[in-house]
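Trainee: Submitted below is the structure of interest, expressed as structure tokens.
None of the figures in this text is laboratory data; all of them are computed from the coordinates on show. All of these numbers come straight from a predicted model, not from anything done at the bench. Quick reminder, even Gly has a Cβ in these numbers, built from the backbone with ideal geometry, and neighbours come from all protein chains shown.
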Amino acid sequence: MTTSPLASIGGTQLPNKSLGLKTEDFIKMMVTQLQNQDPLQPTKNEELLAQMSQIGQLEASTDLQTSLKTITLQNNLSSAGNLIGKMITGQDERGVPVQGMVNSVKVVDGAVSLELDNGKALSLSNVTGIAALGATAAK
């Protein structure tokens, strides 16, 4: 079963992101609609303007979403960089407790990952505690 791309023209989100429709695709569909319209009942100018406005809104929304993702990733990377040399605690993807000193930070699949001195990695979103190295040695 495939999803019709036409069903998503009026919406702000595509139901199936694998379609990858772009502004050019919507314009092609609109031109096709104009070419195949009923000559006795042509599309009104208001309808065409509304469709063009929706295309513009979709493109602006997509650009804004991309920008926000980039800003969030940069912010997370900066925050994670401040953890280098500090002891952290957290849980891995399976819920197993992890502890270690942060040696480096990298981005893996769009998420910030902390590389620990014990060879383990921990996602920044799974950190539950942060301590200066001297604070843990006193315990």
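Trainee: With r defined as the distance between the Cβ atoms of Ile84 and Lys22 and R0 fixed at 41 Å, what FRET efficiency is calculated, to the nearest 0.05?
Mentor: 0.55
Trainee: Val127: net charge of surrounding residues, Cβ under 14 Å, Lys/Arg +1, Asp/Glu -1, itself excluded?
Mentor: -1
Trainee: Note down the nm distance, to one decimal, between modelled labels 7 Å out along Cα→Cβ at Thr62 and at Met29.
Mentor: About 1.1 nm separates the two model spin labels.
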